[in-house]
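Notes follow once the structure below has been shown.
The values are calculated or read from the model by the stated rules, or taken from the named source; none is laboratory data. Nothing here was measured: the structure is a model prediction, and the numbers come from that model. Counting neighbours? That spans all protein chains shown, and the Cβs are built from the backbone with ideal geometry, glycine included.
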Amino acid sequence: MRIYFFSSTPCVFRFASVYTAKTGIFPVYAEAEADDSLCLTAEFFPQSPDLSAQVCVIHPSFFVSPPYWAEVYRGDGFYAVYAKRFPSAKKRRKRIVRAEENGVTAEIDESGTVTVSQKASFTTDTLPVAIEDAEIRFLRNLIFIQGGGLLAVYAPNGKRLFFAQADEFDFTDKLRTKTVLANHIQTALCQTYTLTEEGFSRTECKAEAKLITDGRLLLFALAEAWLTACDYTPYLSDSLLPKAEMLSAYLGNAVKVAPCLQAERENEQSVALCYREAENVYAVRILHAQIRDGKIENLSLD
């Protein structure tokens, strides 16, 4: 069995106590026995002095339930392990951001714990992901905490009403957010939410994307456009356009796209579509495209 390793930041990689190569966006791989005897240590040492190492034991159970900082991708005859998060190596004082209005105090610390208090009562809530460089604003009797591309909204009683990605927002009668995704087509998601008793409910979503003209990225651009509900028809040939509406049924419930580890043939492009199986665990299927005259002429899914 082949196991690929890659990471969100350049790392020196050690597998089974042997330094192999550097990891990053380009993976390294190792061969291992695909049975219950598998028990080997994988270590990622970031080149940045600001980040600490991540260490894990590669065992059959790892591929089913990886640690929070890693993602596992399962393909035909291989696994890929992605080290996506690294702890800070710096010891910092605990930073707390606090704001107050009309007798209501809101604060958030760097771990993502939010405290809302008024008079003699208070509530606490821990966000799934900490908000970096957070700022707190009070708008129309609600508490808005924004930073690092994330937005959380709380009621004065401490109930969390909203938490999602948002680079920009405004709130009048409705909450409107704009999020620019870090993908090849620079997708901008503009979403509108209405406040209900349970929280903010999305009522509208519009997606805009940059049209990719680099022929080497046609299939990647099509997959990203489809995943973000953008128009992908500019990448299809005239013969494939009549079947454009069938794409969602054909590709299924894929949640992300990644570079393909397989070699591509002439006039063909391939990407890996990832299907969520569990927390941080994905099955991988390979999407192939035949290219002619700068358009996608045929699609096949392994």
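Here are the numbers for this structure:
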| read-out | value |
| --- | --- |
| Some residue of the stretch 30-38 being under 22 Å from PRO87 (Cβ atoms), buried (at least 17 other Cβ atoms within 10 Å of the Cβ) and in contact with a strand residue (DSSP E or B) (Cβ under 6 Å, 6 or more places away or on another chain) | no |
| Lone unmet requirement of (1) surrounded by 14 or more Cβ atoms within 10 Å (Cβ to Cβ); (2) among the small types (Gly, Ala, Ser); (3) over 18 Å from VAL281 (Cα atoms) for SER8 | (3) |
| Out of PHE62, PHE45, PHE78, sole residue that is touching a residue at least 40 places away in the same chain (Cβ under 8 Å) and either under 18 Å from the mean Cα position of the chain (by Cα) or surrounded by 12 or more Cβ atoms within 10 Å (Cβ to Cβ) (or both) | PHE78 |
| Matching residues in the stretch 219-240 - criterion: being within 15 Å of ALA188 (Cα to Cα) and not small (Gly, Ala, Ser) | GLU224, TRP226, LEU227, THR228, CYS230, ASP231, TYR232 |
| Any hit, the stretch 77-92, residues being among the hydroxyl-bearing types (Ser, Thr, Tyr), touching a helix residue (DSSP H, G or I) at 6+ places or on another chain (Cβ under 7 Å) and in a strand (DSSP E or B) | yes |
| Those residues of the stretch 174-203 which are in contact with a strand residue (DSSP E or B) (Cβ under 8 Å, 6 or more places away or on another chain), within 13 Å of GLU224 (Cα to Cα) and in a loop (DSSP other than H, G, I, E, B), in sequence order | LEU181, GLN186, THR187 |
| Condition check for SER52: under 30 Å from SER17 (Cα atoms) and surrounded by fewer than 16 Cβ atoms within 10 Å (Cβ to Cβ) | yes |
| Unique match (being touching a residue at least 12 places away in the same chain (Cβ under 8 Å) and touching a Leu at 6+ places or on another chain (Cβ under 7 Å)) among LEU251, LEU247, LEU240 | LEU251 |
| Which listed residue is more than 30 Å from VAL57 (Cβ to Cβ) and crowded, with 16+ Cβ neighbours inside 10 Å, from ARG160, ARG95, ARG140 | ARG160 |
| So THR233, is it without any contact (Cβ under 8 Å) to a residue 60 or more places away in the chain, among the polar types (S, T, N, Q) and more than 21 Å from ASN298 (Cβ to Cβ) | no |
| Output for the stretch 118-137, where each listed residue is part of a strand (DSSP E or B) and either among the aromatic types (Phe, Trp, Tyr) or surrounded by 14 or more Cβ atoms within 10 Å (Cβ to Cβ) (or both) | GLN118, PHE122, THR123, ASP125, ILE136, ARG137 |
| Residue list for the stretch 221-254, restricted to those being surrounded by fewer than 18 Cβ atoms within 10 Å (Cβ to Cβ) and modelled with pLDDT under 90 | ALA229, ASP231 |
| Candidate set: the stretch 15-29, residues that are among the aromatic types (Phe, Trp, Tyr) and assigned to a strand (DSSP E or B); chosen: the one surrounded by the most Cβ atoms within 10 Å (Cβ to Cβ) | PHE15 |
| Complete set of residues in the stretch 2-21 that are over 22 Å from the mean Cα position of the chain (by Cα) and in contact (Cβ under 8 Å) with a residue 24 or more places away in the chain | ARG2, VAL12, PHE13, ARG14, PHE15, ALA16, SER17 |
| Some residue of the stretch 205-225 being of a type in the set (Asp, Glu), outside the structural domain of ASP109 (by TED's automatic domain parsing) and in contact (Cβ under 8 Å) with a residue 24 or more places away in the chain | yes |
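Quick grid of which residues meet (1) surrounded by fewer than 18 Cβ atoms within 10 Å (Cβ to Cβ); (2) modelled with pLDDT of 85 or more; (3) of a type in the set (A, V, I, L, M, F, W, C):
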| position | (1), (2), (3) |
| --- | --- |
| ALA166 | no, yes, yes |
| THR187 | no, no, no |
| GLY215 | yes, no, no |
| LEU219 | no, yes, yes |
